[in-house]
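Each remark here refers to the structure printed beneath this line.
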Amino acid sequence: MTGTYWIETWGCQMNEHDSEKMAGSLEGLGYAPAASAPDADVVLLNTCAIREKAEEKVYQFLEKLRPARAANDGMIVGVCGCVAQLQGQGIRDRLPFVDLVLGPRASGKLPEYLARAKDRRGIVDTTLYQDSILAGTENVRRQPGRVKAYVTVMEGCNKTCTYCVVPATRGREESRPLEALLGEVRRLAGEGYPEVEFLGQNVNAWRCPATKAHLGDLLRAAGRVAGIRRIRFTTSHPLHLSEDILRAMAEVPEICDALHLPVQSGSARVLKAMRRGYDAEKYLAKAEEIRKWNPGVALSTDVIVGFPGETEAEFAETLALVRHVRFDQMFSFVYSPRPNTVASMLRDDVPAERKSERLAELQALQREIQLERHRALVGRTFEVLVEGRSRRREEEYAGRTTCNRMLNFPSARPLAAGDVVRVKATWASPVSLRGERDERAADGGETREAMA
Ligand code: SAM
Ligand code: SF4
């Protein structure tokens, strides 16, 4: 055995899955998981640069690791992911004990660089390699006990949202071929995964490089793979959400009734300054079209508050849009200026305190909406894919509905992750539901959320 490894991960599902690929690559070299970072022979930080705070956490982690690195001459420390891409050599200038700095599209070179890192001369590779999308997909070390497996369908982003570092850190879009993706889905079904989630920063722009198939074709084909009960995909961009995708969602029962469609703002002026390519009216029309095709779909979104120059009236437009759409879930953030982005050069006259207040106001509104939405579900029965024990109550189980809502419930019969059961909701909070198992009803079958 070569030694032990630890991977610390920040950020989105994409990063989580990249870490699974890196773990697979390390285990392929003979490394075994360590009990903690200071105990490991190889420590990799898979980092997120989307907001300044996420970046700061990386440096805090490195500072904490410094004594262990000083005490262990053999330890290799690597910074991977988006902060590595953004800061490159700057990381080693600041903290020279970092041996390896690898951008997201260079992580396929990990085995080669690990061998070289031992000479302590320091390696920095931020090349946006072509075909990096193919790296590591054969040898993934998935997190144990999960019912859902991630599948990267595309890398990079061709959009130019003015606040965002992703196009700089992950490069141009590159899609994996349909056949390779279906092969992976079949393999995952064979390993017993009932659920897959297709990942891409702009997932609905996926296009098979060989056959020119679109995401709707991939979703339909994945729905035909025996053993796959649920298919999710994220993140969708409003401009690429075709009728074909909505039709596939309506026709294929395995495609979950959940769609993540970031809106970012309700103000036409702000959306233009963000270069999102749509205004609030266009987004609302899209939301209406989605619900026309799939009335039961749960719509989730991302919102940024306090974009440079956002006025009170513009923020009120965001609140109005949120009230109108009544999202099922929302991820909301205070705008964070990022290096070399267009927005970071704009004059920003909104005080930080006011930005935080706007975030709190928006989040309070969303909690209210979620509570109302969840309360309306009490008394209805859902098909739930069991994920394991409930986090709050060890004697209960937790699972998700097709709409991605968390349901906690007791069960007279012991259950295992991956079981599909019917649960009647009896209580609601803004973030989850509690319920009782319908023990008389046959489990399995239908995948639509509401059944009674
Ligand atoms: N590709 C997706 C999209 O188009 O929405 C997700 C990109 S990003 C990983 C996830 C979310 O982070 C974005 O939707 C946006 O709301 C937020 N975000 C991105 N850049 C930000 C910034 N500079 N400040 C605050 N939030 C940001
Ligand atoms: Fe960033 Fe916009 Fe690309 Fe999403 S679509 S990753 S927000 S640039």
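Here r is the Cβ-Cβ distance between Thr2 and Arg367 and R0 is 45 Å; the resulting FRET efficiency, rounded to 0.05, is 0.40. By the gyration tensor of its Cα atoms, with a ≥ b ≥ c the square roots of the eigenvalues, what is the shape of segment 300-452: rounded for a/c under 1.5, prolate for a/b over b/c, or oblate? In terms of gyration-tensor shape, prolate.
When the Cα gyration tensor is reduced to axis lengths a ≥ b ≥ c, the ratio a/c is 1.5 or higher for segment 1-86, and with a/b not above b/c it is classed as oblate. Using just its DSSP H runs of length 4 or more, each adding -39500 (n - 2.57), the chain gives a mean residue ellipticity at 222 nm of -10500 deg cm²/dmol after division by all residues.
The packing ranking, built from the mean of other Cβ atoms within 10 Å per residue, places the peptides 279-290, 338-349, 94-105 in the order 94-105, 279-290, 338-349, highest first. For Thr301, the residues whose modelled amide H falls within less than 5 Å of its own, excluding neighbours fewer than 5 places apart on the same chain, are Leu261, Gln329, Met330, Phe331. Bridge orientation summary for segment 284-434: considering DSSP beta bridges with both residues in this region, about 60 percent are antiparallel. For the residue pairs Lys21/Lys118; Lys118/Lys148; Lys64/Lys159; Lys21/Lys148; Lys272/Lys355, alpha carbon separations beyond 25 Å are given by Lys118/Lys148; Lys64/Lys159.
Of all DSSP beta bridges located in segment 148-293, what percent are antiparallel, nearest 5? Antiparallel: roughly 20 percent of the beta bridges in segment 148-293. Taking the Cα centre of the chain as origin and assigning +1 to Lys and Arg Cβ atoms and -1 to Asp and Glu Cβ atoms, the resulting dipole is close to 160 debye.
Answer rounded, prolate or oblate for segment 188-280, using the Cα gyration tensor with square roots of eigenvalues a ≥ b ≥ c: rounded when a/c is under 1.5, else prolate when a/b is larger than b/c, else oblate. Prolate, since a/c reaches 1.5 and a/b exceeds b/c. Multiplying the residue separation of Glu439 and Leu134 by 0.36 nm and subtracting their alpha-carbon distance yields 105.3 nm. Each label was represented as a point 7 Å from its Cα along the Cα-to-Cβ direction; for Trp293 and Arg247 these points are 0.9 nm apart.
Shown for the chain: cysteine residues without a partner Cβ closer than 4.7 Å, namely Cys12, Cys48, Cys80, Cys82, Cys157, Cys208, Cys256, Cys403. Annotation for segment 270-341 versus segment 1-47: alpha-carbon center distance of 35 Å. How about Lys53: which aspartates and glutamates have a C-alpha closer than 19 Å to its C-alpha, ignoring those fewer than 8 places off in the same chain? Within reach: Glu8, Glu16, Glu63, Asp302, Asp348, Glu353, Glu357. By DSSP, the beta bridges lying fully in the chain are antiparallel in about 35 percent of cases.
Taken together, the values in this text are just the output of simple stated rules run on the coordinates, not laboratory data. These numbers were taken from a predicted model, which means no experiment stands behind them. Backbone-built Cβ (ideal geometry, glycine too); neighbour counts: all protein chains shown.
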